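What follows is a single structure, written as C-alpha cells, with notes after it.
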Amino acid sequence: MNKAHYSGKEIANGTVTSPKGFIASGVHTGVKEDNQLDLAILFSKTEAIAAGVFTQNQAMAAPVIISKDVIKNHRLRGVVINSGNANACTGSRGMEDAKAIQAKAAELLNISPDELALASTGVIGLPLPLDNILSGIPEAVSKLSENGGKDAAKGIMTTDTINKEIAVEVEIDNKIVTVAGMAKGSGMIHPNMATMLGFITTDAAVKPEYLQNALQEVTDSTFNMITVDGDTSTNDTVIVLANGKAENHRIDKDHPERDKFFEALQQVSEYLAKSIVRDGEGASKFIEAEARGFKTLSDARKAARTVLSSNLVKTAIFGGDGNWGRMICSLGYSGAPFNMETVELTLGNGQGEMMKVLENGLPLDYDESFVEKILEDNHISIIIEANVGAVSAKGWGCDLTYEYVKINGSYRS
C-alpha cells in the first residue's frame, strides 16, 4: 500500500451523513431511561453497495443472523440499530421481533425488508421491548435528515461516554470522495472479525468484491487489534455502505487510485477503533502495543494483542507499575515464536519519553523512578522487539480499573 500519495483530510464535525446521499436519525423509544436516544436509522437515498464483517461468537444475536443474510447480495439501503437490548439468546422470539422491526422500517421507507440490515446492543438474554421500538420507528423515519448523524451516533450508545464519529475526504478521479463512520463500544470489546458496532458510509463508487476485501483487510488491522476486557460480543458488526454519489470511476483492485480510498477507509476505521478503547469502561489510560521484528504478520498481531489482553499487564499500567515481567510472560504464551535471547522491551508515553528495560532477553540497569514517571501519563506505549524477522503490527487497549469492576458488577441494575 503506497501511502505517499494519500492526501485525505478530516472534516471538522464530520458525521456518518457527511458523504453525499446519506441521512440518519436518532430517537428515544423508552428502551433506555432518562430520554436517552435508543433507536437510530442510517439510510442511503439511493441503492448502496454493501460489505460487512460480523462476530464469530457462536451465541450470535438475531440481528447479526439477519444482517449476514441480507448483505449476501451486497446491496442495501440502510441499517436500523437499537441500543439498550442486544436481542441475543432470545430464541425464535428474538428472530421474529427482529424481522418485525425490519418489516416496519422497510414499509415506512418504501423499500423491501431485505434492503435493511439490523443491529442491536445492550443487555443479553432479555426479550426485546418490541412495542417501544415499533412505536418509535415512525418518528425515526420522519426525522431522517442530513443533519441527523450526531443523533444517530448517540442512539447506538450503551455505556459509552462519548460519540464516536469521523469523516474524511480525498480526491479520486478529480472527484471529492467522502468516507465517514460512527461506532459504539466501551465494554465487551475483544473483536474477532469486527467490533461492537461500526457503520461506515461513503459516496465513492466501489465494486462489491473490492469493498468486501478492503473492509476485511482494514478490519484485521484496526477493529481486530483492539481489546478492552477480552470478551467477544454476541453482536459485533461492521457494515460499509457505498452509494456512488461522488461519481468517480468504480474502484476495484485495478483502479489507479484505489490506495487513496483504502487509506481513507483505514483512517476512519483506526480512529473509531482507538476511540472505543479510549472510552473503555472505567479506563484511565490508553495503551498502544507495537510488536516489531516478527517473522509473520500473524505472529506480530498475536504478540501485540496478547500483551494488551493480559489483566496483569492492564492492572500494572493502571497502578503505574513498570512490571515488564508481566509483559514478557504474556508474550511467551501468545503463540508468536520468538527467541528470548534477542527480545527487547521499551516503555514510553504520549510525551515521547521512552525507556528500554530489556535487551537480549535480560533486564537493563534502568531508572525505576523515570519509568514510574512515564507510566503516570494517560497514553502508554509498549514496544516489543523480537528481532527474528521484519514484520510489525500495532494494537490498542486500555488499563483495568476499579471503575470497570463497578460498572460491570451492576450492569443490569
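The values are calculated or read from the model by the stated rules, or taken from the named source; none is laboratory data. Bear in mind the structure is a predicted one, so any value in this text is a computation, not a measurement. Neighbour counts run over all protein chains shown; Cβ positions are idealised from the backbone, glycine included.
The table below gives the values:
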item: Subset of the range 109-124 (residues that are over 19 Å from L197 (Cβ atoms) and either exposed (fewer than 15 other Cβ atoms within 10 Å of the Cβ) or in contact with a His (Cβ under 7 Å, 6 or more places away or on another chain) (or both)); result: N110, S112
item: Matching residues, the range 173-229, being among the small types (G, A, S), in contact with a Gly (Cβ under 9 Å, 6 or more places away or on another chain), surrounded by fewer than 24 Cβ atoms within 10 Å (Cβ to Cβ) and at pLDDT below 95; result: G187
item: Qualifying residue in the range 319-326 (condition: of a type in the set (D, E), within 27 Å of S221 (Cβ to Cβ) and more than 24 Å from the chain's Cα centre (by Cα)); result: no
item: Single match in P138, P127 (criterion: assigned to a helix (DSSP H, G or I), surrounded by fewer than 19 Cβ atoms within 10 Å (Cβ to Cβ) and free of Cβ contacts under 8 Å to residues at least 60 places away in the same chain); result: P138
item: Residue within the range 40-56 that is β-branched (V, I, T), under 21 Å from G91 (Cβ atoms) and crowded, with 18+ Cβ neighbours inside 10 Å present; result: yes
item: Test: residue in the range 303-325 that is touching a helix residue (DSSP H, G or I) at 6+ places or on another chain (Cβ under 9 Å), crowded, with 19+ Cβ neighbours inside 10 Å and among the acidic types (D, E); result: no
item: Answer residue from the range 292-302, given it is touching a residue at least 60 places away in the same chain (Cβ under 8 Å) and not acidic (D, E) and is surrounded by the fewest Cβ atoms within 10 Å (Cβ to Cβ) among those; result: T296
item: Residues located in the range 145-158, provided they are part of a loop (DSSP other than H, G, I, E, B) and crowded, with 21+ Cβ neighbours inside 10 Å; result: G148, I156, M157, T158
item: Count - residues of the range 361-409 that are free of Cβ contacts under 8 Å to residues at least 24 places away in the same chain and either more than 13 Å from G282 (Cα to Cα) or part of a strand (DSSP E or B) (or both); result: 9
item: Residues of the range 233-287 that turn out to be among the small types (G, A, S) and closer than 21 Å to G8 by Cα, as a count; result: 7
item: Hits in the range 306-352 (condition: among the acidic types (D, E) and either over 11 Å from A386 (Cα atoms) or touching a Pro at 6+ places or on another chain (Cβ under 6 Å) (or both)); result: D321
item: Condition met for N85 (closer than 20 Å to P138 by Cα and without any contact (Cβ under 8 Å) to a residue 60 or more places away in the chain); result: yes
item: Hits in the range 2-35 - residues which are in contact with a His (Cβ under 9 Å, 6 or more places away or on another chain) and either crowded, with 17+ Cβ neighbours inside 10 Å or farther than 28 Å from N87 by Cα (or both); result: none
item: Residue in the range 207-220 that is touching a strand residue (DSSP E or B) at 6+ places or on another chain (Cβ under 7 Å), of a type in the set (A, V, I, L, M), in a helix (DSSP H, G or I) and on the phi < 0 side of the Ramachandran plot present; result: yes
item: Matching residues in the range 372-413 - criterion: being crowded, with 21+ Cβ neighbours inside 10 Å, within 16 Å of A300 (Cβ to Cβ) and touching a Gly at 6+ places or on another chain (Cβ under 9 Å); result: I382, I384, A386, G397
item: In the range 259-307, residue nearest to the chain's Cα centre (by Cα) [restricted to those that are among the hydroxyl-bearing types (S, T, Y) and not in a helix (DSSP H, G or I)]; result: S284
item: Failed criterion for T161 (all others in (1) at pLDDT 95 or above; (2) assigned to a loop (DSSP other than H, G, I, E, B) hold); result: (1)
